[in-house]
Structure formats: structure tokens, C-alpha cells
1. Inside region A:45-70, can you point out the residues that are over 18 Å from A:Thr209 (Cβ atoms) and in contact with a Pro (Cβ under 8 Å, 6 or more places away or on another chain)?
2. Does region B:150-169 hold any residues that are charged (D, E, K, R) and within 10 Å of another protein chain (Cβ to nearest Cβ), and which are they?
3. Keeping to region B:110-139, report how many residues are open to solvent by 10 Å² or more (accessible area, probe 1.4 Å) and not aliphatic (A, V, I, L, M).
4. Any residue at all in region B:109-131 that is of a type in the set (Asp, Glu), farther than 20 Å from A:Cys151 by Cα, within 11 Å of chain A (Cβ to nearest Cβ) and in contact with a His (Cβ under 9 Å, 6 or more places away or on another chain)?
5. Given (1) part of a helix (DSSP H, G or I); (2) without any contact (Cβ under 8 Å) to a residue 24 or more places away in the chain; (3) open to solvent by less than 60 Å² (accessible area, probe 1.4 Å), where does A:Glu269 come up short, assuming only one miss?
6. Could you say which residue among B:Ala147, B:Ala180 is at the interface with chain A (Cβ under 7 Å from one of its Cβ atoms), in a helix (DSSP H, G or I) and either touching a residue at least 12 places away in the same chain (Cβ under 8 Å) or within 26 Å of A:Pro133 (Cα to Cα) (or both)?
7. Across region B:92-108, which residue is nearest to the other protein chains (Cβ to nearest Cβ) among those that are on the phi < 0 side of the Ramachandran plot and in contact with a Gly (Cβ under 8 Å, 6 or more places away or on another chain)?
8. So which residues in region A:182-203 are hydrophobic (A, V, I, L, M, F, W, C) and farther than 23 Å from A:Asn83 by Cβ, if there are any at all?
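The values are calculated or read from the model by the stated rules, or taken from the named source; none is laboratory data. Everything quoted here is computed from the prediction, not taken from an experiment. Neighbour counts run over all protein chains shown; Cβ positions are idealised from the backbone, glycine included. When the accessible area is computed, the model is the full protein with side chains, heavy atoms only, and any ligands, DNA or RNA have been set aside. Shrake-Rupley method; radii C 1.70, N 1.55, O 1.52, S 1.80 Å.
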Number of protein chains: 2
Amino acid sequence: MKKDENLKNMLAQLDTYRDYISTQISTTQFPSNPHNLYEPAKYILELGGKRMRPILSMMACELFSGEFEKATNVAMGVEIFHNFTLIHDDIMDEAPLRRGKETVHKKWNSNVGLLSGDILMIESYKRLATARPEILPEILKLYNITAIEVCEGQQMDMDFEESESVSINEYVKMIRLKTAVLLGCSLKLGAIVGGAANKDSNDLYDFGTNLGIAFQLQDDILDVYADQNKFGKQVGGDIIANKKTFLLLTALATANASQKARLESLFTETDLEKKVKEVKEIYAELNIKEKAEEQMNIFYKTAMQNLDAINATEEKKMPLRAIAMYLMGRES
Amino acid sequence: MKKDENLKNMLAQLDTYRDYISTQISTTQFPSNPHNLYEPAKYILELGGKRMRPILSMMACELFSGEFEKATNVAMGVEIFHNFTLIHDDIMDEAPLRRGKETVHKKWNSNVGLLSGDILMIESYKRLATARPEILPEILKLYNITAIEVCEGQQMDMDFEESESVSINEYVKMIRLKTAVLLGCSLKLGAIVGGAANKDSNDLYDFGTNLGIAFQLQDDILDVYADQNKFGKQVGGDIIANKKTFLLLTALATANASQKARLESLFTETDLEKKVKEVKEIYAELNIKEKAEEQMNIFYKTAMQNLDAINATEEKKMPLRAIAMYLMGRES
């Protein structure tokens, strides 16, 4: 039971970090004018969310320096950047809701969303720019590369919607860029601030990136196979939308001619219950769930190896191990 | 005639700087993929324009160090930032044309414009981040403040369209933020790179900002009073669009009840020739042109005083004096 208790303690620790960052956000003073610029920025930041990126920055800093507060500015930077991407992505995806509330472009309009997203991106740089001069160039270099990669990932995701054929490799590259690298970056920024050795901060970056890919693959799996009572979104939503997920792409790549024809004819099926049921039947014939889980496990295992490689005691690494297990809903 | 010749030499010098920055832009290598992200970024950068901001950075650096090339990265940074604002502003204004060519969101679509604008903003930070570590914090601080101000100015400009009453002070604040501060920032960044003393780089910032306001006021004046053969846009365009310019706001603020009623009834006049003619008649009654020129001259004169205050020989300041005269179409 020792391990379970440790995990419980670590999850409590997660709440401590989350509360800390929520306080930082709620006490952030934006100018009151122009109202239409700063009100939406404050609105999206206060919508909540898991605050996973700033928590990762703080944990990484704690790991190497014993003081998570030193990472406050980079933690806020990555959280603000993440919220910039949410506003702009929601405009591009025409999404009406975000965390159960109206998206910025719905509550105001697209122009307000565009410009308040821009201001959040600049605000994130403002936080990073406060880093100690001796680490500032390294921090900016990592951050700039990551920000560019996140935009590239979003563009790839949009391009995939129009594309006839997307390879599994391209898909994994897309989720790596769109989502995973920002987790790696959040960790590495915290590690740099905490004074980590280069090798350790790079291992931590890889840990975050591989964990991020595993998490996204799990998201694809859950969208089809989750228990609806425990899942925030509609189970089967990706199938209904013909979304090119790891599962669909693997099915298309491994199906025989007749299975492929059945799959493709289901894209236009209007009886949605039938559509989900029959796509799942084809997935079952092709062992798609197992194949996706296998890939997910490879990335998760690699992440754990990255964590193992870091030069710190197992006790100090425990919070990061716990957050990985928490994210993946695992017990080991 | 010595002065005229000097000015002619200086204008030739302008071309040298412009060619230098054009070469920098045309030889910039963007990744080839995602195509829809980098192609629009390259397209807008290569549309041309006066390249005023990077020229100012290079001139400022030359003034204090004798080597304009040292400012290449900050010069490219401000030019790339300017192009980011053009893409996003054109989306917000639904503008079909930019420099006689299709705008990015017209040639591609709004989503492509949104994301390629984002990537340009990050690219601009990438250039700035290459500054020497000892000046990097100062450069970022100035740049972040300026970028935020430019967004605030754009939001104010959009808010003014919906607003019942806009004061002259608010209007001048808007053009200062939306346009002028980026000129001041371009100069100051070049000055910092060139090793200028604080006082001098601040004077240069003020020179650029005051010159920028004078230039925008001149733009308002020319829109009504320019010779159509020498003016790139339609003369009277602002009057036709009921645009809240310095001229209209001054007229509304100084008109008597009957003049104000006439002005306001002209807002809905559909005979556009009549509309322009009668608004200009009211402007004449109220000496609006003279009042606008007076304000413009105050800002121009202050800019010249800022330039005078800088600790450098008159000969070295000549290029900046020339560019001010060139921008304002003046001979002294």
C-alpha cells in the first residue's frame, strides 16, 4: 500500500501546484482598456483546465532546485501561450464551446478573438523575457522553436482534413508538433530555470514529448472505446466526424480491399449509430485497438526510460512519474 | 544648392538600405512545409513596401556605431512584425487588396492568414533573440511593450468605428499606438544595438514616435486635399467612409449646432461627389485643414527637436533628417 499512498500524496501535490498557478492567473492585472482586448484574454485564462503545462514547469524546476516558485514566470508563459493557441484554434475550427463555456470568438467575435490571441502570445513572451540574462538566450531559443512547431502542427492538422491520404508517420509527427512538444518545452524551461545539466533537461524534454504523444494516442483510443459515463466528450465522435485519427489511418493502411471499401462507404452513412457500430466492427477485425495501444505503450515506455535516465533520486522523480500515471489513467 | 545635393545623396542612401533589406528578405529560407503556413508568410514579405521600419533601425545603428549591418536582425525583426500586423489587420478590416495585390486571407483564406500571421510574429522574436546577451533583456522589454501597444492601437481603431464620440486626444493616442511607436521602437532597437547612450536612444525613440504621429496626421490631410494624380488612394475616401479622422473629429468638436447637423446629415448622403464637396465646404468654414496642419507641424517640430538633442554631429544625423523630410514630402 506504500505505493498507493505515495501516489495519493502526489495527486494532492498536483492540486497544490494547480492552486498556485490559479492564484497567479487570478491576480494577474491586465490594463482595463481597451476592454475588448483584455477582457477576452482574462476570460480564457480563467476558464480553468488542468494547467498541466505550468505544473510540469514547476515540477521540473523543483526537481533540480528544490524551489518550484522560481519557475513562476516560465510556467505562466507556457500557460498563456497555450491559451493563445486555444483562442486561435477555436476560431479556425469554428468551435462554439471550450470547457463548457462559449469560446472567445462566439462570446465576442472573430476579430476580438484574433487580436486578444495576439496579445496573449506577446504576454507569454513578456513572462519569458524576465528570465535571468545568463539563461535568457537558451530559454528563448527553445521557446521560439516550440512556438513555431505548435503552429506547424496546427497547419498540418488543418491540411489533413483536406488531404486524400495521410500516413501514420505524418499523423504522429502532427500530434508531436501540435501538442507534445509544448509539454516537453514546459518541462525543459522549468529544468533550465532550476539549473539542470543539459543532458537532464534534454531527457526531461523527451519525457514530456513522448508522454504527450502517448496521451494523444490514448485520446484517440478513448474517443472510440471509453465508457460514456467517464468520458467528457461523445464516445464515437471521431468516427462520426470521419476524423483522421491514429485508429482510422491504421485501419485504412491495413485493411484489405473489401474492408477498405466498407470503411469508405461508411464515411457517408447518415445512421450514426450504425456508422459507429460498423466502423468498430472493422476495427475489431483488424485489431486496431490493440495496434493503437501497442503504439501508445511504446511511447509511454520510452517516456519512462527518459525519466529513468535523469540524474536524480527516485523519490525526487516521483511527482513526474505520478503525473504521467495520472495523465494516462494508469496505476504503474 | 549644397543642401539639395546632400538630400539627393541621402535619398540614394535610402535605396541602398532598402535594397539591402530586400535582399535579406528574398534570401530568407522558410521551410517548404507546411506549404500553407510558409508560402503566405513569404508572399506578404515580398509584396514590397517602403521598408521604412528596418531602414530606421539600420540608420540608427549606423549613427552610433558606423556599421548598419549590425542591426540586420532587429531590422528584419521589426519588418517581419510589421507584416504580421498587416496580415491580421487585413483580416479584421476585410481588406481585399494590399499594395495592389490580393491580401493573404483573400488569396488563401482567413485561417491561413491567422496562422501565417502568428508564425511571422514568432519569426520576429526569433530574430530579436539573436541579440547579444548583454542587450537582450533591454531589447525584449522595449519590443514587448511596443508589440502590446500596437495591438492596443488596432483595438482602439476598431472600437472607434462603433463609438458614438471619440475625443481628439483619444484619436492621437490611437495613431501613436497603432503606428507611431513601432517607428520609435525600430529606431531605438537600432540605437541599442549600435551602443547608443540611454538618453540618445530615448531621444531617437521620441523622434520616431513624434514623426510617426505627424506622418499619420499628414495622411489624414492628404486623404482630403491631395492632388489625385499624386495620391495612391482615392482622394475623399475617408469622407466617403465617414472615417473618424483627425479632420472629422476636429470638425465635430468645433462645429456650431447648424454645422454639426449638416455634417451628420451628410454621413448618409448617397451622392458621393456631393458628399465630399459639402463636407469640404464645412471643413473650409471651420479652418480644419489649417488646424490639422498646425497639429502636424507641432509633432514634426518636436521630432526635429528630439533629433537636435541627440549627441552626434549634424552630418551623422543627416540621413535621419532626410528620411523625415522624405516621409513628410518636405524640403526642410
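1. The one that is over 18 Å from A:Thr209 (Cβ atoms) and in contact with a Pro (Cβ under 8 Å, 6 or more places away or on another chain): A:Glu62.
2. Matches in region B:150-169: B:Glu152, B:Asp157, B:Asp159, B:Glu162.
3. Residues meeting the conditions: 11.
4. Among the residues of region B:109-131, not one is of a type in the set (Asp, Glu), farther than 20 Å from A:Cys151 by Cα, within 11 Å of chain A (Cβ to nearest Cβ) and in contact with a His (Cβ under 9 Å, 6 or more places away or on another chain), which makes the answer no.
5. (1)
6. It is B:Ala147.
7. B:His105
8. A:Ala196, A:Ala197
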